[in-house]
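Reviewing the structure listed below.
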């Protein structure tokens, strides 16, 4: 069995597709930990402990048969590059402050 390596991620993107009766609860949980980026997309800095708490809160709400949540975890700024096209809105945020 392959040993899993634990990393201390400090930034994450969250994307979700949630059933209508749970979407508001999931939105509130995401808003508590991340900056709302676009519709069902959130992103922001997060500590490893807060990431564990965030996932724990989501697991209590989502329906594993119907809902989908994707968490893209990033360790540092050098790990990726973001390119956007179109209007970022009135409050453009640098991905790393």
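The values are calculated or read from the model by the stated rules, or taken from the named source; none is laboratory data. The structure presented is a predicted model; accordingly, all values stated were derived computationally and were not measured. Counting neighbours? That spans all protein chains shown, and the Cβs are built from the backbone with ideal geometry, glycine included.
Scanning region 6-45 for residues that are closer than 26 Å to residue 80 by Cα and over 14 Å from the mean Cα position of the chain (by Cα), we see that the one that is modelled with the lowest pLDDT is 6.
Could you look through region 14-29, keep only residues that are touching a residue at least 24 places away in the same chain (Cβ under 8 Å) and not in a helix (DSSP H, G or I), and pick out the one that is surrounded by the most Cβ atoms within 10 Å (Cβ to Cβ)? Among residues in region 14-29 that are touching a residue at least 24 places away in the same chain (Cβ under 8 Å) and not in a helix (DSSP H, G or I), the one surrounded by the most Cβ atoms within 10 Å (Cβ to Cβ) is 14.
Quick one: residue 32 ticks every box in (1) surrounded by 13 or more Cβ atoms within 10 Å (Cβ to Cβ); (2) in contact with a helix residue (DSSP H, G or I) (Cβ under 9 Å, 6 or more places away or on another chain) except a single one, so which number is it? Checking residue 32 against (1) surrounded by 13 or more Cβ atoms within 10 Å (Cβ to Cβ); (2) in contact with a helix residue (DSSP H, G or I) (Cβ under 9 Å, 6 or more places away or on another chain), the one that fails is (1). Exactly one residue out of 83, 57 is under 19 Å from residue 19 (Cα atoms) and either exposed (fewer than 12 other Cβ atoms within 10 Å of the Cβ) or modelled with pLDDT of 95 or more (or both): that is 57.
State all residues of region 60-80 that are under 23 Å from residue 6 (Cα atoms) and surrounded by 15 or more Cβ atoms within 10 Å (Cβ to Cβ); if no residue qualifies, say none. If the condition is that a residue be under 23 Å from residue 6 (Cα atoms) and surrounded by 15 or more Cβ atoms within 10 Å (Cβ to Cβ), then 69, 71, 73, 74 are the ones that fit.
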